[in-house]
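A short write-up of the structure that comes next.
Please treat every number below as a calculation from the coordinates, not as lab data. None of the values given here were measured: they were computed from a predicted structure. Reconstructed Cβ throughout: ideal geometry from the backbone, glycine too, with neighbour counts over all protein chains shown.
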């Protein structure tokens, strides 16, 4: 039975984070009018509090004023919910092997006919019964090539997308895509490195501003967009071997060695006709 293994691209917590960053930075690709023209709004991976307190020159001007508009992303919660199991409702205890307990492949994801070994069985049967190998014959020894993959661990991850602008019109430009890009529903797909995660935009966009404050602080408008991501994990990152796809061929024929001591047959490899003792 032929078996081969192929390493899979793991789906880790970092993979989900990068999928959300790619979704906001590349797919939404938000632009708005600024004092220097129509520009793309920078997207940073940090909490809004850290953005305000940061002294990074990339987000502050020469006098220390925060450069607006600005978008920040922050992961707010991570939950492994036993009720959320995707399409696999029963837990299968994994086999372990190796020092880190690598999880064996446990679910069938692909099944197709293995042409070469199936053709050999058909040719062999045709040669025995018809005298030629290519004569049509009813071959019931069909070998299948089956591929198995690890069962993923399903998780729910929540993110906060924080929009900060200097003007109300800028905020309108940034808020509108979160309502219109998904059409009549609030769901979309975030993908990264071949992995796809179902993402839901929560309907309530929390807004705040200090436009009524006549103090000397910077004028700003803020909106928080909450995302709920239904993700999955394959592999433990650096603490486990990479997940693998295992492909093996099915067994269609089993042969057992004949036990001559049980049936009492003679020994053909000897010249005399001695027989084994009956039991």
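Mind giving me the FRET efficiency for residue 39 and residue 186? R0 is 30 Å, r the Cβ-Cβ distance, nearest 0.05 is fine. That gives a FRET efficiency of 0.60. In a fully extended conformation the segment linking residue 179 and residue 153 would gain 6.3 nm over its present Cα-Cα distance, using 0.36 nm per residue. Packing here is the average count of other Cβ atoms within 10 Å per residue, and on that basis the peptides 77-83, 114-120, highest first, run 114-120, 77-83.
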